[in-house]
Structures are given as structure tokens and as C-alpha cells.
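Comments concern the structure below.
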């Protein structure tokens with residue numbers, strides 16, 4: 001387990017980033033907490049929402065706030081895998097092929113409208129997201145650290161989209177949405193952006209090295225056996241639920257632990273409590289679940305199933321979760 005000072009430093013770093021993001025993304029602190037928790041967990045986040053609610057601004061603001069390199073890929077039906085990973089080009093002067101890296105060789109990558117690209121283009125991100133590396137022309141190249149993907153996805157009822165396959169969805173640690181702002185928040189947005197966009201005055205409040213250090217700290221946050229048993233019971237119930245064709249994978253179990261550790265750090269704690277797991281379980285698990293055809297016909301939602309599962313499982317007591 002990390003020292004108290006390391007936890008405090010990681011906590012202060014996370015709060016600085018979230019506070020800075022709130023200068024651009026108004027009234028959505030809970031969403032910003034999930035995004036930062038995803039980054040500190042060394043995972044990737046899928047933001048499913050309608051156009052125009054600030055998804056691109058969120059990714060750009062995060063890159064500026066953390067001092068990380070930023071790339072954006074607009075996914076379209078004609079996008080090729082090489083447009084993402086890069087391509088080898090023949091240099092006539094020295095008669096050798098030279099690799100020209102694609103936009104995936106960055107630290108914060110925004111994959112905009114990822115479900116508008118074909119499955120072949122979507123799959124180009126699988127290795128990068130799963131292993132932090134890219135293989136092109138039989139050569140494996142490491143990606144820089146930190147490497148964090150924020151992908152956006154239009155709701156499937158929109159035209160011209162290709163649903164992400166289960167293997168791709170499982171690569172995303174979290175799924176969330178920004179949603180429309182409340183009326184008073186939208187009025188504040190209109191007022192703030194009348195003259196200039198707030199992102200123009202945004203500056204870095206962290207560095208890439210600090211992010212990497214905080215990620216190492218998160219991995220050492222204490223998780224008691226009772227909390228592990230609690231989250232494993234949640235995972236097992238997704239695999240047994242009558243309305244689910246496919247439950248959560250072992251990767252989901254690891255993700256639930258890691259995001260629980262990150263969320264504990266956001267609260268300034270060096271140990272995970274059951275409320276951390278309850279708070280994040282839907283965001284970590286729901287997009288990985290596959291409904292049965294009968295459940296879809298009956299308009300059962302994955303979110304409703306997650307709520308049902310969480311209500312059915314007894315959480316461990318507080319004195320069972322603290323480090324001794």
C-alpha cells in the first residue's frame with residue numbers, strides 16, 4: 001500500500017485537473033470525476049452522447065490540463081486502419097521504407113464518432129487500447145505514456161453507424177455520457193462564451209509524469225478481501241442473470257477493482273469502500289453486458305439490471321474494509 005503522502009499527492013492532482021476542467025465543462029462534475037478516474041486507472045473511456053454537448057471540448061481540455069500531447073481522429077466510413085496506426089513510405093533517396101506514425105502515437109487520443117467507421121477501422125484500435133502498442137509491417141512499436149483514449153459514440157438510432165463489437169466494447173474501462181445541461185447551467189454557458197471560449201485561457205495544472213506517478217499510486221490502494229468478494233459477487237450475478245446473454249468478463253473484474261481504487265483516491269482515501277464499487281459499477285459493467293432477445297423485446301435495460309443486482313447484494317460493513 002502506498003504512503004499517505006502519495007495518496008494525498010494523487011488526490012490533489014486529480015482535484016486540480018477536475019477543477020480546471022470545470023472552467024470549460026460546466027455543471028458536469030460527476031462526469032469529469034469518472035473521466036479522470038478512467039485516466040488514473042490507465043484505462044480508456046467511451047462517451048456515448050448526442051452531438052454538440054461538449055465531448056470534443058472535454059478531450060481537448062483534458063489534454064491541456066494534463067500537459068499531454070493530443071490527437072483527434074474523425075471516424076468515417078472511408079477511414080482506413082493505416083489512417084490510425086501509420087504507414088511505411090518508401091524513401092527514394094536512401095532506398096528504404098520509413099515509418100510515418102499515425103495519430104494513435106500520442107498521449108490523449110480522441111476517437112470521434114467511433115461507430116461511424118467500419119469494423120476494420122475500429123479494430124485498428126484494439127491492440128493499442130489493450131496493450132499500449134501498435135504492430136505495423138511486422139514491427140511492434142510502443143505507444144507513449146500515458147496513453148488514454150476518449151472515444152465518442154452516437155446513439156445507435158442515428159443513421160450511418162456500425163455498432164461496436166463486444167471485443168471492442170470490452171476494451172473500454174468506462175462508459176459514460178455528458179447529457180444536456182440544466183437550464184441555469186446553459187444560461188451560464190451562453191454568458192461565458194459570448195466573447196471567447198474558456199478553453200483559450202486554459203493552462204496545464206499537471207504533467208504527464210505526474211499522471212504516470214498517480215497511476216502507480218492508484219494500483220497500490222488497499223482493497224480488502226471483503227470488498228473483493230463483494231465485487232466478485234456482482235460480477236457472478238451478471239453471468240447468471242436470466243435477462244443477460246453475456247455477463248461481465250474477467251477484464252471487467254479487473255477494471256472494477258482499478259476504477260474503485262481511483263475513485264477512492266478521488267475521495268482522498270487509501271482504501272476502497274463498498275460505496276466506491278456501487279457508484280462506479282454501472283459505468284464499468286453495463287456496456288459489457290449483452291441482453292437476451294426476450295429482454296430486448298420487453299424493453300429491459302442493462303442499467304435496470306445493474307440496479308437490481310446492486311440492490312440484491314449485501315455490502316460489507318465499514319470495519320471490514322479498512323487496512324489493519
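Derivation of every value follows stated rules applied to the coordinates shown; laboratory data play no part. Bear in mind the structure is a predicted one, so any value in this text is a computation, not a measurement. Heads up, the Cβs are rebuilt from the backbone with ideal geometry, glycines too, and the neighbour counts pull from every protein chain shown.
At a glance:
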| read-out | value |
| --- | --- |
| The chain: C-alpha gyration tensor shape, a/c 1.5 cut-off, then a/b vs b/c | rounded |
| Within the chain, helix-based [θ] at 222 nm, where runs of 4 or more DSSP H residues each add -39,500 (n - 2.57), nearest 500 | -13000 deg cm²/dmol |
| Proxy reagent accessibility, fewest Cβ within 10 Å first, across 129, 110, 193 | 193, 129, 110 |
| Whether the stretch 198-324 is rounded, prolate or oblate, judged on the alpha carbon gyration tensor where a/c under 1.5 counts as rounded | oblate |
| Exposure proxy order (Cβ contacts within 10 Å, fewest to most) of 249, 207 | 207, 249 |
| Per-pair calculated FRET efficiency, R0 = 35 Å: residue 299 and residue 233 via Cβ, rounded to 0.05 | 0.85 |
| Using a Förster distance of 41 Å, the FRET efficiency for residue 188-residue 74 (Cβ separation, nearest 0.05) | 0.90 |
